[in-house]
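Data block below; observations after.
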2 protein chains.
Amino acid sequence: METSFTEENYIKAIFKLEEMGKSGAVSTNDIAIRLSMQPATVTDMIKRLADKKILTYKKYHGVLLTAKGKKIALDVIRKHRLWEVFLVKKLNFRWDEVHEIAEQLEHINSEALVNKLDDFLGNPKFDPHGDAIPDKEGKMRSVNSYPLSTITKKQTYIFCGVVNHEAKFLQYLTTLDLNLGNTIEVESINEYDSSFKIKINKKRHEFLSEQVASSILVYPTNGK
Amino acid sequence: METSFTEENYIKAIFKLEEMGKSGAVSTNDIAIRLSMQPATVTDMIKRLADKKILTYKKYHGVLLTAKGKKIALDVIRKHRLWEVFLVKKLNFRWDEVHEIAEQLEHINSEALVNKLDDFLGNPKFDPHGDAIPDKEGKMRSVNSYPLSTITKKQTYIFCGVVNHEAKFLQYLTTLDLNLGNTIEVESINEYDSSFKIKINKKRHEFLSEQVASSILVYPTNGK
DNA sequence: TATAAAATTTAGATTAGTCTAAAAATTTGT
DNA sequence: ACAAATTTTTAGACTAATCTAAATTTTATA
């Protein structure tokens with residue numbers, strides 16, 4: 001019934017790959033790459049997870065989480081994101097410092113703890129990177145947001161999340177003083193290199209490369 | 001350099017046994033009993049810890065922690081006790097509920113986290129059971145307290161700690177509404193069964209068996 | 001559509017942490 | 001001080017999680 005630290009990391013990785021891949025089974029290789037592990041190791045583990053009914057596995061054809069597997073993944077993600085809120089809001093960590101610590105805290109096993117933590121934090125719906133926090137049942141808000149790089153209309157958007165959680169990237173946004181919830185007014189899009197000229201919070205003008213724009217999620221100020 | 005979850009539990013157990021035993025090496029058997037493990041398993045582990053210079057080991061003659069081993073133990077104890085304060089003061093857990101959760105949290109590895117947690121809690125000196133919290137350097141307050149059962153003088157004492165951390169025992173104290181910091185006035189001591197008649201906070205009269213009195217730590221209100 | 005390339009699995013090995021049973025060393029009780 | 005009891009260690013085995021190398025299956029391409 002219990003899942004080990006290691007198993008939880010596999011389950012989380014598979015959950016994220018399923019989300020990204022949109023439809024279709026998740027391959028052994030993709031899991032191996034995501035976890036920096038050898039494919040042979042992954043084969044062993046997915047056999048064990050299949051025995052535990054956490055996923056379905058067809059030899060040479062990848063895996064899919066069962067409902068049970070998805071629930072475990074969502075529980076771990078819930079804990080990860082709540083702990084990130086705690087670290088930023090209560091302990092004053094920066095948003096680029098919390099990921100590694102939350103990777104440890106997410107495996108602490110106590111239903112009472114996660115629920116009391118949730119209440120203590122005021123039942124937040126989003127973590128410091130703008131990711132939605134699943135509730136006890138695994139349900140979470142779905143926000144219609146898009147990478148800034150896919151935007152073509154020159155209008156005003158709200159910066160509501162990041163795709164990339166690397167410290168270097170987050171620190172770069174901090175140097176721009178670009179924070180979650182800020183408005184981003186698209187002033188022009190460079191056809192040649194797909195870079196953006198924007199105005200942040202109706203005040204400062206900034207330049208964003210395509211690389212940066214593709215890691216920034218926004219939604220339009222009007223429709224949402 | 002890093003210590004595993006399992007190693008940390010051995011180190012902590014040995015530290016506590018050294019404290020209890022007062023002088024002399026800690027035996028394989030005592031460690032095995034404390035950790036509910038087979039002596040053969042303990043022998044294996046202490047060999048590994050000796051290789052890592054965490055303790056000194058002489059075959060058939062038990063172990064003693066090195067300075068390095070003691071520092072690791074104190075770091076784990078510091079984390080355990082700070083997390084207990086967090087659970088009780090911030091998340092409203094009862095003092096009888098926090099031990100198991102803190103047993104997990106104490107192994108989270110992040111110096112920044114423990115130090116920020118310490119500050120967030122206001123740098124507490126004692127945990128919810130009255131145990132002193134080591135600081136960054138491993139130093140902690142030493143309080144001259146004694147089990148109530150060793151008291152012979154009929155005077156007023158302060159209830160400042162418990163020896164026994166079992167939930168059942170703590171819950172019993174809660175039903176008596178006997179809390180850390182309360183005054184305990186010793187009214188009489190039964191010679192026959194060593195039980196105590198006391199007055200709590202100058203208000204309520206209660207009866208404590210020798211068994212309970214031996215798990216309660218007090219210090220006199222005048223001298224300390 | 002046959003074959004080369006890529007992905008996946010199998011086989012065999014390693015380490016940490018655990019066990020039981022047997023052997024060895026120490027301690028204890030006359 | 002020696003035999004019995006107790007404690008500790010050794011030997012051999014197991015599981016979870018990992019690896020490398022070789023074999024197999026699938027996929028892509030010419």
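Each label point is 7 Å from the Cα along the Cα-to-Cβ direction; what then is the distance between the points at A:N92 and A:S214, in nm?
Taking the two extended label points, one gets 3.8 nm.
Counting each DSSP H run of 4 or more residues in chain A as -39500 (n - 2.57), what helix-only mean residue ellipticity at 222 nm follows after dividing by all residues, to the nearest 500 deg cm²/dmol?
Working: 8 runs with 87 residues, N = 224.
Taken over chain A, the calculation gives -11500 deg cm²/dmol.
Is there a simple number for the mean count of other chain Cβ atoms within 10 Å of the Cβ of residues in A:88-96, and what is it? If you can, show how the numbers build up before the last one.
On the way: counts 0, 0, 5, 7, 3, 4, 0, 0, 0.
Average per residue, whole number: 2.
Longest segment of chain A with no GluC sites (Glu not before Pro) in a DSSP loop having at most 14 other Cβ atoms within 10 Å?
Details: sites that count: A:E2, A:E137, A:E166, A:E191.
Between exposed loop sites, the widest span is A:3-136.
Could you tell me, in Å, what Rg and Dmax come out for the Cα atoms of the range B:94-157?
My reading of the Cα-based Rg and Dmax gives 15.5, 48 Å.
List the distances, in nm and shortest first, from the label point of B:E103 to the matching label points in every other copy, placing each point 7 Å from Cα along the Cα-to-Cβ direction.
The answer, with the shortest distance listed first, is 2.7 nm.
Would you mind computing the Rg to Rh ratio of the protein assembly as shown from its alpha-carbon coordinates, Kirkwood style for Rh?
For the protein assembly as shown, the value is 1.07.
Could you pull the copy-to-copy label distances for B:G24, with points set 7 Å along Cα to Cβ, in nm to one decimal and sorted shortest first?
Reported distances to equivalent positions: 7.0 nm.
Beyond 12 Å, what percent of the Cα pairs of the range A:128-185 remain?
Details: 1215 of 1653 pairs.
Of all Cα-Cα distances in the range A:128-185, 74 percent exceed 12 Å.
Report, largest value first, the span of the C-alpha coordinates of the range A:167-224 along each principal axis, in whole Å.
Sorted largest first, the three principal extents are 32, 28, 21 Å.
Taking every pair of Cα atoms in the range A:105-216, average 1/r, invert it to obtain the Kirkwood radius, and report Rg/Rh to two decimals. Can you show the working numbers first?
Details: Rg = 16.8 Å, Rh = 15.8 Å.
Result: Rg/Rh = 1.06.
Would you mind listing how long chain A runs along its three principal axes, going by Cα atoms, in whole Å with the largest first?
Between the extreme Cα coordinates on each principal axis of chain A lie 56, 42, 31 Å.
With only alpha-carbon atoms in the gyration tensor, what are the semi-axes of the equivalent ellipsoid for the range B:63-112, in Å, largest first? If you can, show how the numbers build up before the last one.
On the way: eigenvalues 117, 27, 12 Å².
Whole-Å semi-axes of the equivalent ellipsoid: 24, 12, 8.
Every read-out reported here was derived from the displayed coordinates using simple, explicitly stated rules and does not represent laboratory data. Quick caveat: nothing in here was measured; it's all calculated off a predicted structure. Please note: Cβ atoms are built from the backbone with ideal geometry, for glycine as well, and neighbour counts cover all protein chains shown.
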